[in-house]
């Protein structure tokens, strides 16, 4: 079992521009300066009418910022705080599926314009589903790869960015044991390429999608951020550990660089609409999509990898987190990074703090779907560990973030997606 889900894009990452707009790095909408200023004034007037806006964000907002200027970057936190205070504060819906398009979500009426990376090697054609979470003009697609040399990301110079959120990676633990070179090339070299472009363009705020796999075999539980990392059991985990070490070195060499490394536990679930979810190509590498496909009749039997772990029922235990909670965590991280003027490297766990065994997840999904799951116990997979769950108190105290959705929610949303899309995006 791995801390994240399936294969990822070979490429694709999103940024937040200085104007608070989400823009995919290589391609975006280059609106005229006058149009952007007009839009900014309208948004500013709307925000001024909101008496609930926090004073610390008003101070940044009250500068009379002109888009395209260096001060434009200072408005980012104000606009993000506006989103945070809404009933649907998720800016980023990181589905982390084998289809691996990073889908951005925001309020239906206002907020930063997100970006939607184009499909790549393992991605279905699903960009049309973006209107579920945003207006039809809210996403741009850009077929670029982080594996390319930095010159292919020269469009960085066309926009002003405050923060880069780096989701792109290959993400299957068992596959990484079979294809280690592909994982090191994509996950490590690709990140270095991105960091070089950031350095060339003086962008110094970075949100990294890391993983609980950096902890390796747990020496104690729950897992806490200040524990030793690096005792990884698989190449995927080592790539995440290596990138964290690179980021630490970068922060040591450049005192202005700011990194929040979000250590995901096991993201699962789907958008509550049932229209955007996890659609693996081929046999799923992860538990939840495999269960869903068995439930809908696409597959006959679920294979449970090992029942001889040192756990109550012998199956592996993981901390599962709903993707919608994960999305909120990214919003909170960006706001924290900006409002606290964070410098250096800061790791933060994103998990619920509660572990579920494979059999417990199966039973929860049976309850959600009303269907019996046929499963078979087989040998362990290489690279798996017995137990992993988070201490998420730092995220709670410093980001003001807490996971709000439980296993029932995760199963219900996954089942809704699978029912609506029995053949995935191929419907």
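Calculate the spin-label point distance for residue 342 paired with residue 227, positioning each point 7 Å from the Cα along the beta-carbon direction, and give it in nanometres.
Label-label distance for residue 227 and residue 342, simple model: 2.0 nm.
Sorted from fewest to most neighbouring beta carbons within 10 Å, what does the list 238, 318 look like?
238, 318
List the equivalent ellipsoid semi-axes of the range 329-368 in whole Å, largest first, each obtained as the square root of 5λ for an eigenvalue λ of the Cα gyration tensor. Walk me through the numbers before you get to the answer.
Values: eigenvalues 253, 26, 6 Å².
Equivalent ellipsoid semi-axes, largest first: 36, 11, 5 Å.
With label points built 7 Å along Cα→Cβ from the Cα atoms of residue 419 and residue 246, find their separation and express it in nm.
Taking the two extended label points, one gets 4.4 nm.
Stretched out fully, how many nm does the piece from residue 396 to residue 201 gain, at 0.36 nm a residue minus the Cα gap? Write out the running numbers ahead of the final one.
Values: separation 195, 0.36 × 195 = 70.20 nm, distance 3.29 nm.
Additional length available on full extension: 66.9 nm.
Shape verdict for the range 260-341, please, from the Cα gyration tensor: rounded (a/c under 1.5), prolate (a/b greater than b/c) or oblate.
On the way: a/c = 3.32, a/b = 1.59, b/c = 2.08.
Oblate shape, in that a/c is at least 1.5 and b/c is the bigger or equal ratio.
Please provide three numbers in whole Å: the alpha-carbon extents of the range 285-383 along the principal axes, with the largest listed first.
Largest to smallest, the principal-axis extents are 52, 29, 21 Å.
Contour minus end-to-end for residue 303 and residue 281, with contour as 0.36 nm per residue of separation and end-to-end as the Cα-Cα distance?
Details: separation 22, 0.36 × 22 = 7.92 nm, distance 1.72 nm.
Between residue 303 and residue 281, full extension yields 6.2 nm more.
For a quick check: sort 322, 340 by the number of other beta carbons within 10 angstrom, fewest at the front. Display every interim value, and only then the final one.
Numbers: 322 23, 340 13.
By the 10 Å Cβ count, ascending: 340, 322.
Could you please tell me the mean projected area of the C-alpha convex hull for the range 164-234, averaged over all directions and given in square nanometres to one decimal? Show your work: numbers first, answer last.
Details: hull surface 22.1 nm².
In nm², the orientation-averaged hull projection of the range 164-234 is 5.5.
All of the numbers you see were taken from the coordinates with simple rules; none came from a lab. No experiment lies behind these values; they were computed from the predicted model shown. Every residue, glycine as well, gets a Cβ built from its backbone with ideal geometry; the counts of neighbours run over all protein chains shown.
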